[in-house]
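Please see the structure below; I have some questions.
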Amino acid sequence: MRTAYRTCPICDAVCGLRLTLSDAGRVTSVKGDAEDPFSKGYICPKGASLGRLDEDPDRLRRPLVREGERWREVTWEEAFQAVDRGLTRVAETYGRDAVAVYFGNPTYHTMAGFMYREAITQTLSSKNTYSASTIDQMPKHVSTGFMFGDPFAIAVPDVDRTDYLLVIGANPLESHGSLCAAPDFPARLKALRERGGKVVVVDPRRTRTAAFADEHLFVRPGTDAYLLFGIVNTLLAEELTAIDLDVNGLDELRELAAEFTPDEVERVCGVPAERVARLARELAAAPTAAVYTRIGTSTAEFGTLTQWLVDVVNILTGNFDRPGGVMFTRTAALEIFRTGQPFDTGRWHSRVRGLPEVLGEVPVATLADEIETPGTGQVRALVSIAGNLVLSAPNGPRLDRALPGLDFMVCVDPYLNETTKHADVILPPPRITQMPHYDFLLLIVTVRNYTRFSPQILPLEPGQLSEAEILARLTLILAGQGPDADPAGLDDMILEQILRGATEAQDSPYAGQDVAELRAGLDGDSGPELLLDAMLKLGPYDLSLATLRANPHGIDLGPLEPRLKELLITPSGRVELTPPKIVADLERLRARFAGPQPEFLLIGRRQLRSNNSWLHNTPSLVGGSNRCVLHVNPADVARLGLGETAVVRSAAGELTVPVEATDQVMPGVVSLPHGWGHQGSSQRVAAAHPGVNANALTDESLVDALSGNAVFNGVPITVAPA
Ligand SMILES: Nc1nc2c(c(=O)[nH]1)N[C@H]1C(S)=C(S)[C@@H](COP(=O)(O)OP(=O)(O)OC[C@H]3O[C@@H](n4cnc5c(=O)[nH]c(N)nc54)[C@H](O)[C@@H]3O)O[C@H]1N2
Ligand SMILES: Nc1nc2c(c(=O)[nH]1)N[C@H]1C(S)=C(S)[C@@H](COP(=O)(O)OP(=O)(O)OC[C@H]3O[C@@H](n4cnc5c(=O)[nH]c(N)nc54)[C@H](O)[C@@H]3O)O[C@H]1N2
Ligand code: SF4
Ligand SMILES: [Mo]
C-alpha cells in the first residue's frame, strides 16, 4: 500500500486528492487531501470515482487503426506512420488550411495539452483551428480583450470576501465553479451568508445554487444583456456609481443605457421592473459586491454583450479589482505570458460563413460547413485532441454525418466513442495516474493565489506513450519531419523560445542572462515538467519544480490583490467601457427582442455526477438522479397534454425524450442535459445508459456574432406529446 497526492483533473475546482494504491498499482481509495491549503479535504462524487475512471477497462491501451468497419491494434510506429501518410497527403494536395485541428476541453486540464497546443497551432498554421473555447468561454475573452487589452485578464469573483454575490447563469453548487476555481463552493457560499452577506441567483431554473441563495429570480433565457443594461440604467439614472478606475466611454454608456429602463427590461426578461432597479440599488449599497456569470449567458446569442455588461456593472459599482469585488490572480507560472499586443478579432474569417477569427481560431459552430462545402480550403482532414464533437458541438448529428466524408482523421483520446469512431487512427494517452499534473490554465482563475504540482504516480507500461510524447510526435509530423523524429528536439525548441523571450524582455530579472545556462539549470522528467520549472523560475514567487515537489499538498500564495494597472494594455491606457465592436452589436440585440418571441426555449442542465460527455462509463456516476430527461414546468405539461415522453423540435433537428414535470424550470422553458446520446462507443456502461444527444436540437447557424460562440441556451423549440 502507498499514498499519493494528486490534483483532480476533472472539473475546474482543482481539488487536492489523497489516493491509496495497492502494491499492484490499483487505486484502493480516493479521499480529499485535508492538508491542501486551498481545497482543505473537499471532494465530490466524481473525484471519489477517480480510481474507477483511471482503471476503466474500456480505456484504450494501444493505438487503433480503422480498416473499413474493423479496428486493429497496432504499434505506435505503425500508428504514427499512418498519421504521417494521412496528414501529409492532405496538406500536400490541398494545402494546410485543409487540415483542421480541434482542441477539446481536457486539453485545458493536461500539462501536455498546454505545452503543445501552441506548437501544433503554429506548426500546422491552418485557418481551420478550433477549440472548445468557442463552445464555452470565448465571449469572455472577447469582452475582456476589448475592455482591458488582454483577453486573458479575466476577473474572478472574490467569493471569500464579498458581501453580495449576484450569480447570473452559473450553477457552482453543481458545476463546482468555472472561470472561478474555488474548491468547496458550498462551504464558501455558506460562509458568505454566515458573515451577513447575500447571494442572489438569476436563472431560468431553480438550481441547487438558486435554492441555496437568499433570493432566486427567473429570467427568460437569452435576455440577460437586457437585465444587466437595466441595472446599468438604474445605477446611472440614480447616480449610484462609484467608479475608481480610469475609464473611457462613460457618456456614451449613459446614452446607450437610456432605452433599457426597468420597464423595458421587464417586458423582455420577465423580471419585475421594481426588482431590476432594486438589484442595482443593492449592488451599489453593499460594502462590496460581485456579479458573476458563466455558461448560461456565455453560450447564448448575446454572449459577448452579457460578459461585457457584467464587467461594466462591477466597474460602475466600484467593485472591479478590489477585495470583495472581482479580482485578478497573480499566477506562479503564467505571468510571463501576461503581456502582448492589444487584442482584436477578425485577422481572418471562416471561409464559408465569414465568421471572425478570435485568438487564432474560428468557431466550432462552422466546422461542419467547412467540411461539407467544396472549394479551395475545404477541410479534408481533422486532428481532434481530447474532444467529443458529435456530443458536444451544436448540431452534433450534422458532424456525425460530415466526419465520415473526411479523407483522414486522427484522434488523441482514451476512448472509442461517438466522435473517435470516425477516426482513421486513435492514439490513446495513458491513465490519469500515469500523467504528471499541473493546472497551467485553471490557476489563472482561482479565488486565492495558489499552486500545486502532482507528479506522475504510476510508471508507463511497455507499449504505452505519454500524452506529451504523442502530441510532440504529432507536432513533428505536422512540421514535415516524419513519424520517427525525436520529440526531445521539439521540447528544446519550445523551451529555448520561452527562455529567449524572458531574457530579452527588459523588466525581466533574467534580462541579459545566458539562455543555454538557464536551460541547463532546468529540472524535470519530461518536456512539460521542464517547461513548468522554467515558468516557475521566471515567475513572481521564487518557486521551482523542486519547491513544488517538496510541497505535495500545494502552496497558498495569498489572497488576490489589486493589479489591473499591470494588466491593462489598451492603446489608450484606460479601461474601455464602450468598445466600438461591442457597441455595434447592440443593433442585433434590439432587433432580436423587438417583435414576438418564441413560445418555448431550450436550455441545458449540468448534472452533479457528470462532466460533459466522458464520465458516463463510470458506474457510480450514472443512474439515480443522473438521467437524461427533459425538465418541463407542470403547467406546460398540462397545457400541452404531455405524457411520459415528448417530441422536441428545433430548426436543427428533432428528439423524442422522457419528460419529468418539475416547477424547478420556469414556464415556457425546457431543460435537457448535454453529453448524452451514447452510440457506437466502446464504453459499455455508457451504452447501457445512452440518453439522447441534446445537441441534436442546438442550431449551429446561431452564434454570438462577436465571438462566434455556439448557442446552447435559449434555443427556440416546439414541444408536443410523443
Ligand atoms: N457536474 C458538472 N460539473 C461541470 C461540468 C459538467 O458537465 N458537470 N462541466 C464543466 C464545464 S466544461 C464548465 S464550462 C462548467 C460550467 O459551469 P456553470 O456555468 O456553473 O455550469 P451550468 O450548470 O451549465 O450553469 C449554467 C446555468 O445557467 C442557467 N441558464 C441557462 N440559460 C440561461 C440564460 O439564458 N440566462 C441565465 N441567467 N441563466 C441561464 C442554467 O439553468 C444553469 O443553471 O462546469 C464544469 N463543471
Ligand atoms: N448543449 C450543450 N452542449 C455543450 C455544453 C452545454 O452546456 N450544453 N457545454 C459546452 C462546454 S462548456 C464544453 S467545455 C464542451 C466540451 O466539449 P469537448 O471538449 O469536445 O467534449 P468532452 O465531452 O469534454 O469530451 C472530452 C473528450 O476527451 C477525452 N479525454 C478525457 N480525458 C482525456 C485526456 O486526458 N487526454 C485526452 N487526449 N483525451 C481525454 C474524452 O474521452 C472525450 O472524448 O461541451 C460544450 N457542449
Ligand atoms: S469538484 Fe471537480 S476537481 Fe473537485 S473532486 Fe469534484 S470533479 Fe474533482
Ligand atoms: Mo466548458
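The values are calculated or read from the model by the stated rules, or taken from the named source; none is laboratory data. Worth saying up front: this structure is predicted, and the values here are computed from it rather than measured. Cβ sites come from the backbone with ideal geometry, for glycine too, and all protein chains shown count toward neighbours.
Could you check region 285-336 and list, in sequence order, the residues that are away from ligand 1 (no atom under 16 Å from the Cβ), β-branched (Val, Ile, Thr), crowded, with 24+ Cβ neighbours inside 10 Å and in a helix (DSSP H, G or I)?
Within region 285-336, 312, 315 meet the criteria.
Right, something else. Here is a list of conditions, (1) surrounded by fewer than 15 Cβ atoms within 10 Å (Cβ to Cβ); (2) over 30 Å from residue 185 (Cα atoms), and residue 45 meets all of them except one; can you say which number that is?
(2)
Now, a different point. Out of curiosity, is residue 612 surrounded by 17 or more Cβ atoms within 10 Å (Cβ to Cβ) and within 16 Å of ligand 4 (Cβ to nearest atom)?
Yes: the conditions hold for residue 612.
Under 6 Å between Cβ atoms, at least 6 apart or on separate chains: pull out the pairs that start in region 393-405 with a residue that is surrounded by fewer than 24 Cβ atoms within 10 Å (Cβ to Cβ) and end on any residue that is assigned to a helix (DSSP H, G or I) and of a type in the set (Gly, Ala, Ser).
Sorted first by the residue in region 393-405, then by its partner, the pairs are 397/696; 398/368; 402/368.
Looking at the structure I just gave you, is residue 509 within 28 Å of the chain's Cα centre (by Cα), part of a loop (DSSP other than H, G, I, E, B) and surrounded by fewer than 19 Cβ atoms within 10 Å (Cβ to Cβ)?
no
Let me ask you something else. Pick from 339, 304, 293: which is hydroxyl-bearing (Ser, Thr, Tyr) and modelled with pLDDT under 95?
Just a single option satisfies the conditions, and that option is 339.
Still on this structure: Failed condition for residue 482, given (1) buried (at least 18 other Cβ atoms within 10 Å of the Cβ); (2) among the small types (Gly, Ala, Ser); (3) outside any helix (DSSP H, G or I), with all others met?
Status for residue 482: all satisfied but (1).
If I filter region 629-645 for residues that are within 29 Å of residue 185 (Cα to Cα) and part of a loop (DSSP other than H, G, I, E, B), do I get at least one hit?
Checking region 629-645: at least one residue is within 29 Å of residue 185 (Cα to Cα) and part of a loop (DSSP other than H, G, I, E, B).
If residue 283 satisfies all but one of (1) in contact (Cβ under 8 Å) with a residue 60 or more places away in the chain; (2) touching a Phe, Trp or Tyr at 6+ places or on another chain (Cβ under 6 Å); (3) among the hydrophobic types (A, V, I, L, M, F, W, C), what's the number of the condition it fails?
(2)
I'm checking my understanding of the structure. Among residues of region 448-479 that are polar (S, T, N, Q) and outside any loop (DSSP other than H, G, I, E, B), which one is farthest from residue 63 (Cα to Cα)?
Per the stated criteria, the residue is 449.
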